[in-house]
Each structure stands twice: as structure tokens, then as C-alpha cells.
């Protein structure tokens, strides 16, 4: 299960983050994408903690269609990943800052900047880069021994990084940490989802991915019996 | 794992430490991390000195960071503009570094009018190709640069244009202090002077409010002067926030300040109460002006200004009684700067009135601040490109305009004429603020090449084909800034935080790379640090020293009070008459010149002006500052209480404001703090760029109501030469 679960998060990371043309083609190839969809559906459906094995009896359960978790439009979008060119074009319009249609997937922009003592006068604001979450991610990545490419180094709380960390923790066998991290670091996606929705149909693919993450988060919360409030960032 | 799965970690690489780490070791959850940092907050570190960018004053401050983020800023005591204090907009504006609305990548306008990110190399290559085509077909004078002066911006933009062979580098002057600088230059050969407010017995302010268009040091001086018993008179259609330190408000009809000055001059000259000795020794053309103001009686001026004749007479007497420790303060953007058809002539008359007082150079009077500049750089790598032979476009049409600023609006108007083909903007929201936005946008959109460099999307960026993302002022080191004052200084804007967005670039880098792409890179073979250090070395200083101190004073150049007997004019004298003005169609000495428009029945003159917490359109998108706007309803227009009562309008009513160019609705602030013929609309609001999420569609924009026109001779934008009607919505 670990490998399949990790793959889901690596793939979502590649969708939101930088990827070379070759990497993206490999990621979005029919076979790889099909496996991603299968693994994703299991993750949404299976009542188990991340990477945990499913009870034998649960294997008998019928696979639920994506339609149980996503809208029809989202399902259609999820089954048709963008070409590299389309992915680049979307990023050029929506993953760049300062435009009306910007939907930069950086957690800092959707949470309070800081609640630390002696912070700047605008500390209580939302909509600012480099919030406490970014500082936390800097520290966490350093502690886990990860390095980011230049393009992401200033936004360690980018969704692509957060997904990659979940995947890496799973690969390392740190399943509890992965689960805890996922629950903590995806609460902001409810707000981000609203931003993506404003873009319209062009964003359906990414909206579907966000809904996948929110669905997985809900399942993990249910599995760990920890309330959302306790994990709210 | 499946054979198809991504078997690597994508962009997430293991560091050397990480490769040896035990799985999951080092993991800390967010709540635990927060708790740990609450117990042990990061150390407050001095990050260096910088210069504020919330307005053009560029006050010096020391930045402190915690965990690499800006934590606080303390004004530098030696900086002559801030005097150890930053203003509210300075503190508020700092959040721009982290703003969601920051531009993060180079942008190119697409076929549908929207923008999409492109890479820097593509942007440079496409821009350079268009530059070359324009130069090949029309020559370098078909290229124009408009910039709001900042230390590096001023240097690099002018050098870039000069390297291309164009003389057309403009500032924001037309919408700021162009007419003041130009008018004063005709009279005293200098574009600026300073009233010694701190030591004066009396100062008259005409349309300038130190407490609204803040330089903290100016406000400190006003406070000290007030506490020492000085009489400060505020001549302004509005009872502005500087009234806290004023002893008298003279509510004048806007655009008529020239008549007030002429009448006060009339009083002094006819009564023989002026410094005849100073005038005889240091001026030319006095008799001409004396004859011209002979008919400008206080009674005549009362009809024009609305200020009672006895008040005018009394103020003239009081100014003389306080002389030479008295002066009329120079103003800036309003009456003398760019507001009216007579702004340039008002500035000229203002200098001449001060000359009657004999106040120049004396303690408590008015002085031209001493300054220091870098010496000539001898290293060949700094050699400047040849100066273009052509004159800046607009110099011939507006012969009195200061060439150091240039008439940018006229230059843009030459785009449809085919004389200008390409335009660059650096940190200039020209379209929203220099004249009528619809007209200016049309000009820019008609250009073959249009490039804007800024930190956030503006109306100007929106009109351009390419938008290049600048670093914010906290993220870059700039060329040293030399500032005049009682004690002149050099100060530094140094980088105090790391770049928030890796794909943004500082102005020095952008123009160096753009120059390379355009084939003139040989003039940019140095870093900004090398340039700054070389400039400072000519004064026996170093960049390292300036980095350490932030501001270095030149006490040997400090102001020494003494009658000023040498002026910047050709013959070193004050000129009551000007041949250049005569050639431009003005009288030799300044006489009465009516504003372009005067309100008739049911009409008002629309006036603008800064509020304490904002700078033009630049700060409106800062949430902390806009929150103050909304809390106090600062976006409302002001209307005189008696007029409002007669029109059945009450405080807070929604009203429709109309001019010949625009109609919009907003709420009204009914107040006795404005004279009856004026409507005040703060000049910060009405942002039409949805990218500025905080500022978008809050209030009305003053310039929408102003037609595209230019002050004859001087080139100012005549921002208050517009009439509006007001009616209650639903009435």
C-alpha cells in the first residue's frame, strides 16, 4: 500500500509543481495515469490509515466510482490529464502571481501570516507569502534532510512540496507522520478550492485533484478519530 | 511499486544530511513547532539600512528581521527627511514584500488581452527585437522612458535610454512638482527651496500640508516652530491635517492663489515695506513687477479668491513684520506643482514675494538646501554613453518645462502621431495618475512596444504588452542616494530581506540584461555594488561604510545662515522678469492668469490631495492602510456643509459626481472644512485593476474626471482644471 499511496502524492505534486516535459509525459502516460487513478480511488474509499494494509475482508468490497467523491465534470477532467503544453499554459496564467486569475497553490496565501509575538505590524493578515507555515516548512525540510530547487525555495509551503513531503514520509515508512502532516497541511485547501472554482472549467483538473486531497484528508481524519479542529492549522 | 510509478522524489532532493537520516527522524508537527517557537522566538536581527518606498521621499530606516522575515523598521535619526521617524504609510507599505498581489514572473499580453507568464530570455529577446526595429525605422528618439525616480531607477533608466541614443527619459513630474520646479527656476534658478519652518516667526503654506503629504522631518520642524510661537497660516480650500499646528486657515478658491500673492505683493510694494536693499543688490526686473501688481489690490483679489481684502492686507503686513523670519512655503503638487493653468506662474510669483521679504538664506527665512554629490568616475567601465544630440520630446512645445522631468504626457500623445513608437515604464503608474486614464491607456496601447516594470499589476502595466516583475525595495541594493538638507547626506537602500519570489529581478539587473539584449551591454559592465562603491570612493567613503551607517552626513557642507547673494540663474540674480517666459507667451513678470475653468452655477472645482496614510495610487492596495480608509470613510468626497444643506445632501449620502469625462458615484462627507466652490476627492482611490484585490473599485479616481490637457508653457497636467456637478443618488 505504501508505494501506491506515495505514488498518488508524488503524482499530485507533479501536477501542481515544476516538472520537465519528459517527466510529465511519463507521469501522464496512459499506464501510469491509470495506476494513479486506481490508487487514488482506493485512497478515497478504503477505511484505513495511510499505507496501512487493508483488512482481508475489505478487499471484497466493490470499487466505488470516482463519482462518489467528485463531480461528473471533475471526474472527466481527472481522466484526461493535460498535455505538457496545456499544463505549462495553465501554470503561466494561474500559477503565477499578481493576476486576477492567479491561483497560486501556496498555503501561506490562505492562512494568517503569523500569530507569533513581536512579529511585523501586518502579522495578523491573510494573503501574504512567507507565513509561519513557510517558516515551519523550511525547518521541517531541513530537519528531514530535503532540499528544494531554486524555483520553490521561497515557497516551501507550495502544495507541490507539501504533497511531495507526504509521499517522501510514506516512502520512508513514517506513516503516522505522513498522515499527521497530510491532515495538518491540507486544511487550507478548502479556501484554495474556492479560488480555483473562480477560474471556471479550465481549472477542473486541478479542482479535481484538490477534491481528491480533501477527500483523502477526510478519510484520514475519520480513520484517526481526531477532530478537524484539533488539526486546523 | 508499479513499473509505471514515478520512482523518484521529483524535485525533492535529499541533502547529504538527509541521505543519512533515519526515516522520519526530525519530524515535528506544526503545532509542536509553533509551541517551540513561542517558547524560543527567533532572534531579532539588524538586517541593515534601507530607504522607504511608500512615497518619493525615501526616508532612511534600519530594518530588523526575525527568522529572515521583516519584523520592524526604525527611522534613521540622521536621515534629513525622516529625522528618526517613519510615517504610517511607511510601516504599512512594507507588507508589499509579502503581498499576494506581487508579480512573480515576466508577463506577456495574449491575444485575448489577458497576461501569461513567459521566461526572462523570451521577454528580453522579444523586447530587444522590437527596440531594434523601432530604432532602424524611426530612430532612437521614437523610444520613451517614464519612471518615478528612485536611486537605481533614475540611474539605470537614463543610462539605458542614453545608450540606445534617446534623450526621452521622463519622471512623474508632470503630475507632481513640474510647474513648481519650472516656475521657480525662471525666478531664482533653482527648482526647490526650504522655508526654515523651525526657526520662523511666520510661514504661509499654500496648498501644502506637511501632515498629509508627510515627510516626518518637515512635520517635526513645524511642531517645533509652532511650540516656539511661530504663526503658521494655511491657505487651502481645505482645513487640512496640518491645521493642528496652524494659527489661521485661509479658505481660498482653488486656482486663485496667484491673485493672493500678487495682492500681498501689491500691499508691500505700494507701502514701501519690502527689502529694497536686497532687491537692489541681488535682483533684476523689479520695476516691471512693481508696475504689474499696481492694479492687484486686495479688493481686486477678494473678488477672485474669496479671501476678504482686509485679511489679505493683514497677512501681507504680518509677513513683513515677521520678515526676514518669514516666507511663503514653496508648495509641492497642488497650487504651484501641477494643478492649474497658472501653477508655473504662481510658483514664480511666490519666489518673488519671498524676495520682497529679504528672507533668502537667513535663519527663520528660506534657503536653498546645500547638497553633496559623487565625483566623476574615472574607471573606463563606468564611462557613460554619449549624450544624445536631440532634445527631450516636449521641450520645444513646453519651453519652460524642466528638462530633468520632461512632459511625459505630451510624449505619450505623440504615439498616435507616429513620433513615438516604444515606451518603457519603471515603477510609474502613469496611466492612473498623470492625466486622464482612458486617454493615456489609449496612447500606450497604440504603441508598437510597451513595457512596464513594477511589483504589482497597475493600470499602466495593464495597458502594456510586457510586464516585468521588479523586486520590492526591501529585496534589493540600490545606487547611493544623495539628499540635500541643512546637513546634506548620502544614504543607502540596501537589501534587508531575501527575495520572496526567485523569478523577480532588481532594476539594475533588468536594465543590464535588457541592454545586453539590445546590443548596448558595453555600458553596463559593472554591478550596482561596484557602481555605488566607486561613487562613494570619490568622496573618500566606501559602500561598506555606508552599509554600516545607512546615512552619512557631510557636516562640512552644512547650511550656514547668510543672505543669499548668488543664484542659479545665468547672471546669478533673482529674476523678477524672464525672457523665456515672455517667449512662451507669458508676461515678463508674473501677473494675473486665470485658471482654465471657473465654476458656474451648480458647478464645483474638483480638487485632490494626499491623505496621511496614502501616497497617490501606490498604497491603496495595502490591506492595513485600506482598512483605515474604510473605517473612517476616507474615500468619500468632501462637500461644504452649507452648500450640502442647500442641495438637500446629508453626510453619508450616496452622490453622483460628473465631469465632462466621467460620472461615478460615491458617498459624501459633509463638512465645514472645505470652502464652498470645491469638491475634494482624495487622489488615492478608484483603482480599476482587479489584480489589486484590496484597492479595486474602492472610491473614485480623481484623474477620471480630468480631461487630457497640459499646462501651457510649463507642461503640468492641470489636475484641478476640471468642473464637476454633484447630485444625490435617487433624488
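Looking across segment B:85-110, just one residue is without any contact (Cβ under 8 Å) to a residue 60 or more places away in the chain and either in a strand (DSSP E or B) or more than 10 Å from chain A (Cβ to nearest Cβ) (or both), and that is B:90. Please verify whether segment A:110-126 includes one or more residues that are within 8 Å of chain B (Cβ to nearest Cβ), outside any loop (DSSP other than H, G, I, E, B) and buried (at least 23 other Cβ atoms within 10 Å of the Cβ). Within segment A:110-126, not a single residue is within 8 Å of chain B (Cβ to nearest Cβ), outside any loop (DSSP other than H, G, I, E, B) and buried (at least 23 other Cβ atoms within 10 Å of the Cβ).
Taking residues in segment B:663-691 that are on the phi > 0 side of the Ramachandran plot, and partners anywhere that are part of a strand (DSSP E or B), not one pair has Cβ atoms closer than 7 Å while being at least 6 places apart or on different chains. Listed conditions (1) closer than 28 Å to residue B:680 by Cβ; (2) surrounded by 21 or more Cβ atoms within 10 Å (Cβ to Cβ) are all met by residue B:247, apart from (2). Selection of segment B:47-69 for residues being in a loop (DSSP other than H, G, I, E, B) and either farther than 14 Å from residue B:479 by Cα or in contact with a helix residue (DSSP H, G or I) (Cβ under 7 Å, 6 or more places away or on another chain) (or both) yields B:52, B:53, B:54, B:55, B:56, B:57, B:59, B:67, B:68. Filtering segment B:421-442 to residues that are in contact with a strand residue (DSSP E or B) (Cβ under 8 Å, 6 or more places away or on another chain) and either within 25 Å of residue B:135 (Cα to Cα) or assigned by TED's automatic domain parsing to the domain that holds residue B:721 (or both) leaves B:421, B:422, B:423, B:424, B:425, B:426, B:427, B:428, B:430. Consider residue B:64 carefully, then state whether it is crowded, with 17+ Cβ neighbours inside 10 Å and touching a residue at least 40 places away in the same chain (Cβ under 8 Å). No, not satisfied.
Number of residues in segment A:132-169 that are surrounded by fewer than 24 Cβ atoms within 10 Å (Cβ to Cβ), part of a helix (DSSP H, G or I), touching a strand residue (DSSP E or B) at 6+ places or on another chain (Cβ under 8 Å) and within 7 Å of another protein chain (Cβ to nearest Cβ) equals 2. Of the helices (runs of 4 or more DSSP H) lying entirely inside segment B:261-356, not one carries at least 3 residues that are modelled with pLDDT of 95 or more and closer than 30 Å to residue B:616 by Cβ. Looking only at segment A:19-41, decide whether some residue is more than 10 Å from chain B (Cβ to nearest Cβ), surrounded by 18 or more Cβ atoms within 10 Å (Cβ to Cβ) and not in a helix (DSSP H, G or I). The answer is yes, given that some residue of segment A:19-41 is more than 10 Å from chain B (Cβ to nearest Cβ), surrounded by 18 or more Cβ atoms within 10 Å (Cβ to Cβ) and not in a helix (DSSP H, G or I). Of all residues in segment A:88-101, those being in contact (Cβ under 8 Å) with a residue 60 or more places away in the chain and buried (at least 22 other Cβ atoms within 10 Å of the Cβ) number 1. Considering segment B:201-257, the qualifying strands (runs of 3 or more DSSP E), each wholly inside and each with 3 or more residues that are touching a helix residue (DSSP H, G or I) at 6+ places or on another chain (Cβ under 7 Å) and closer than 24 Å to residue B:180 by Cα, run over B:202-206, B:231-235. Residue B:73 passes every criterion in (1) under 28 Å from residue B:450 (Cβ atoms); (2) assigned to a strand (DSSP E or B); (3) within 14 Å of chain A (Cβ to nearest Cβ) apart from (1). Annotation note: of B:18, B:42, B:26, B:48, the sole residue that is modelled with pLDDT of 75 or more and over 50 Å from the mean Cα position of the chain (by Cα) is B:26. Applying the selection to segment B:111-128, what residues are more than 12 Å from chain A (Cβ to nearest Cβ) and within 22 Å of residue B:513 (Cα to Cα)? Matches in segment B:111-128: B:120, B:121, B:123, B:124, B:125, B:126, B:127, B:128.
Residues that are in contact (Cβ under 8 Å) with a residue 60 or more places away in the chain and out of contact with any strand residue (DSSP E or B) (no Cβ under 8 Å at 6 or more places or on another chain) were ranked within segment B:494-515; the one that is farthest from residue A:129 (Cα to Cα) is B:515. No other residue among A:70, A:50, A:54 is touching a helix residue (DSSP H, G or I) at 6+ places or on another chain (Cβ under 9 Å), closer than 13 Å to residue A:205 by Cα, at pLDDT below 95 and not in a helix (DSSP H, G or I) apart from A:70.
The values are calculated or read from the model by the stated rules, or taken from the named source; none is laboratory data. Note that this is a predicted model, so its numbers are computed, not measured. Note that each Cβ is placed from the backbone with ideal geometry, even for glycine, and that neighbours are counted across all protein chains shown.
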